[in-house]
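Undergrad: After the structure tokens below, expect a handful of questions from me.
The values are calculated or read from the model by the stated rules, or taken from the named source; none is laboratory data. Predicted model, so just to flag it, every value in this text is computed and none were measured. Counting neighbours? That spans all protein chains shown, and the Cβs are built from the backbone with ideal geometry, glycine included. In case anyone asks, the SASA skips ligands and DNA or RNA and just uses the protein heavy atoms, side chains included. Shrake-Rupley method; radii C 1.70, N 1.55, O 1.52, S 1.80 Å.
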Amino acid sequence: MSQYSLSIQPLSHKLSDSFLWCLDRPIDNLRFDYKDLDNFCLEFSGWLVNHKNVSGELVILHGDRVDKLTRNEPRIDVENKIVQKNEKLEERQHYGFNHAIKLVSGKFTIALISESTLTPLYKGHIKGAFEVIKGEDNWLFLDNDTNKSVDQFKGKVKLSKHIKKAWLEYMEDFQSISKTHNLTSVFLVAPSKEYVLRDKYPIKKLKNTPLEQIEKIAPPEFNLLSLTDTLKQSPQNTFRVCDTHWNSHGAMLASIGLCANLGISRKSLEELFSKDSYTKKEVGGDLGNKLFPPRTHLEEILANFNYRNHLVYDNGLPNFGRSIFIYKRDALIDEPLLIFGSSSSYSMFNYLSRVFSKTVFFHTAGSVDLEVLEQLKPKYMVAQTNARFLVKSPSTSVSIKDIVTKKLSNGAASNSTNKFICTNCSEDIVKIVQQISQY
């Protein structure tokens with residue numbers, strides 16, 4: 001799916017007696033990706049013909065910029081079919097214009113300037129696949145996506161009796177699996193950004209959300225961990241300005257909270273990360289990329305450690321089915337951590353991989369693959385999902401092998417960076433886990 005769509009509409013005016021024109025490109029309902037633009041510029045082309053007794057030129061207004069659409073192409077077709085058939089029109093060398101414009105705003109106006117008068121001819125609006133909510137101090141939040149995040153916050157989307165029943169069954173199965181396999185396990189929910197940054201979010205009234213409903217029905221023995229208060233009470237920002245996910249500091253706090261819940265000494269964890277250094281970098285994000293032009297913000301990024309230097313396997317699939325193995329021999333604990341997680345897990349790898357010698361991750365949003373569990377036999381297991389996904393219950397009978405096979409058969413691209421095991425990301429996931437167990 002294209003990232004952006006363009007709406008361009010003609011405006012009413014009273015210039016038809018003085019000028020003739022046509023806008024060839026861009027066209028209405030154009031769909032495109034920002035990365036595919038040549039030098040991030042949109043092409044504006046067409047032609048303008050004026051009567052002999054008037055003069056004028058086209059301009060494009062975007063943000064605080066005004067760019068001229070100077071006529072710079074002959075356009076023999078316009079000369080032959082229009083100008084030569086009307087003696088009132090001015091003959092000139094160039095009738096056409098073709099300019100690559102790097103827009104500084106998602107909204108623009110094409111206008112004609114004649115005798116110091118500006119007359120708008122077209123208005124354009126570029127928007128992303130999903131809308132973005134702009135909060136206080138330029139903070140960005142997700143608008144109603146496919147999970148209806150805003151309606152969840154307002155309490156308009158609630159868990160039905162059927163969904164609650166599915167959740168209770170999952171919780172019971174999760175506890176049973178943990179007991180049967182002698183696991184120390186946690187179900188981790190990454191809170192939505194708006195739950196934590198209430199002062200930045202323009203919608204102030206939070207009602208009975210799916211997360212609150214899950215917390216109410218969860219039995220005491222189900223190890224449910226939501227870090228809303230931990231992240232909210234931090235003196236430092238814990239989320240990225242232009243992204244739905246937590247930043248490096250938030251990922252660090254989440255990792256400490258998770259590992260402490262798994263029984264690891266909090267003091268040891270804090271000491272492990274106390275000497276970390278951070279550098280500031282201009283970065284975008286899944287929200288900033290939905291705006292045009294994409295918005296970025298200066299964020300603190302962990303500088304002294306990168307889990308990718310210890311990456312052993314990554315099948316490179318987007319989202320569900322992504323499989324990652326990180327091995328760090330001198331980690332705090334010589335034990336594997338098995339994560340059935342989602343997008344919020346990725347930024348935690350820089351911290352979790354220094355706690356556990358083996359970090360094994362499968363993107364399932366909390367659903368558990370029993371075959372993988374049987375093969376790996378870990379001591380610690382985490383099921384992780386994001387708060388906005390709670391409207392649907394995860395499963396304890398998912399097959400990662402089937403997910404990967406289906407994705408590949410549907411043409412999903414792999415950005416594989418694996419260093420061993422297989423060069424084909426469709427290889428049986430059990431074989432991969434068996435290889436991991438040898439480390």
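Undergrad: Step by step: find N for the chain, compute 2.2 N^0.38 Å, then divide the Cα radius of gyration by it. What's the final number?
TA: 1.25
Undergrad: Then there is this: Is the shape of the range 85-182 best called rounded, prolate or oblate, per the rule: a/c under 1.5 gives rounded, else a/b larger than b/c gives prolate, else oblate, with a ≥ b ≥ c the square roots of the Cα gyration tensor eigenvalues?
TA: Prolate is the answer for the range 85-182, as a/c is 1.5 or above and a/b outweighs b/c.
Undergrad: Continuing with the same structure: Considering Cα pairs under 8 angstrom that are at least six residues apart, work out the relative contact order of the range 238-311 and quote it in whole percent.
TA: 34 percent
Undergrad: A further question follows. If DNA, RNA and ligands are ignored and the probe is 1.4 Å, what is the ranking of W21, W246 by accessible area, most exposed first?
TA: W21, W246
Undergrad: Rg to Rh for the range 11-130: what is it, with Cα atoms only and Rh by Kirkwood?
TA: The Rg/Rh ratio comes out at 0.99.
Undergrad: Have a look at N39, N319, N147 and tell me which one the Gaussian network model of the chain (Cα, springs below 10 Å) gives the largest fluctuation.
TA: The residue with the greatest mean-square fluctuation here is N39.
Undergrad: Now for a separate question. Given H placed on each backbone N at 1.01 Å, which residues far from E90 in sequence or on other chains put an amide H within less than 5 Å of it?
TA: N50, H51, K52
Undergrad: Name the most mobile residue of H249, H125, H162, meaning the one with the largest mean-square fluctuation, in a Gaussian network model of the chain with Cα contacts below 10 Å.
TA: H162
Undergrad: Step through the table entries K154/K204; K35/K407; K148/K193; K148/K392; K193/K281; K148/K205, compare each Cα-Cα distance with 19 Å, and write down the pairs that go over it.
TA: In this structure, K35/K407; K193/K281 lie more than 19 Å apart at Cα.
Undergrad: If you don't mind, another one. When only C-alpha pairs under 8 Å and at least 6 residues apart count, what is the relative contact order of the range 151-298, in percent?
TA: On the way: 152 pairs, mean separation 33.1, N = 148.
Answer for the range 151-298 is 22 percent.
Undergrad: What FRET efficiency comes out for K148 versus Q175 if R0 is 30 angstrom and r is the Cβ-Cβ distance? Round to the nearest 0.05.
TA: Working from the Cβ atoms, E equals 0.50.
Undergrad: If you average the C-alpha positions of the range 276-353 and of the range 1-50 separately, how far apart do those two centres end up, in angstrom?
TA: Rounded to whole Å, the Cα centres lie 39 Å apart.
Undergrad: A further question follows. List the relative contact order of the chain as a percent without decimals, with contacts defined as Cα pairs under 8 Å and 6+ residues apart.
TA: Relative contact order comes out at 13 percent.
Undergrad: What accessible area, in Å² to the nearest ten, does a 1.4 Å probe give for S347?
TA: Probe radius 1.4 Å; accessible area of S347 about 40 Å².
Undergrad: In addition: Can you run the Rg to Rh ratio on the range 282-381? Use alpha carbon positions and the Kirkwood inverse-distance Rh.
TA: Reported Rg/Rh, Kirkwood definition of Rh: 1.03.
Undergrad: Please state, to two decimals, what the Cα-based radius of gyration of the range 128-233 comes to when divided by 2.2 N^0.38 Å (N = residues).
TA: That works out to 1.24 for the range 128-233.
Undergrad: Now for a separate question. D33: accessible area at probe 1.4 Å, nearest 10 Å²?
TA: Taking all protein chains as shown, D33 has close to 40 Å².
Undergrad: For K431 and D330, FRET efficiency with R0 = 25 Å and r from the beta-carbon atoms, rounded to 0.05?
TA: That pair, D330 with K431, gives E of 0.35.
Undergrad: Now, a different point. Which FRET efficiency value, to the nearest 0.05, do you get for K158 and F32 by plugging their Cβ-Cβ distance into 1/(1 + (r/R0)^6) with R0 = 41 Å?
TA: Efficiency for this residue pair is about 0.60.
Undergrad: Count the net charge of all other residues whose Cβ sits under 11 Å from the Cβ of Q152, scoring Lys and Arg as +1 and Asp and Glu as -1.
TA: Once all neighbours under 11 Å are counted, the net charge is +2.
Undergrad: While we're here: Hey, in the GNM for the chain with a 10 angstrom Cα cutoff, which one of P294, P74, P210 fluctuates hardest?
TA: Of P294, P74, P210, the Gaussian network model singles out P74 as fluctuating most.
Undergrad: With θ set to phi - 60° and the Karplus curve 6.51 cos²θ - 1.76 cosθ + 1.60, what are the ³J(HN,Hα) couplings of the range 185-198 in order, to the nearest whole Hz, using x for Gly and Pro?
TA: For the range 185-198, the Karplus curve yields 10, 9, 9, 9, 10, 7, x, 5, 3, 5, 5, 8, 9, 5 Hz.
Undergrad: Moving to a separate point now. Using alpha carbons only, how many degrees (0 to 90, rounded to 10) separate the axis of helix 161-180 from the longest principal axis of the chain?
TA: Roughly 40 degrees, rounded to the nearest 10.
Undergrad: Hey, what number do you get for the chain at 222 nm if only DSSP H runs of n ≥ 4 count, each worth -39500 (n - 2.57), divided across all residues, to the nearest 500?
TA: -6500 deg cm²/dmol
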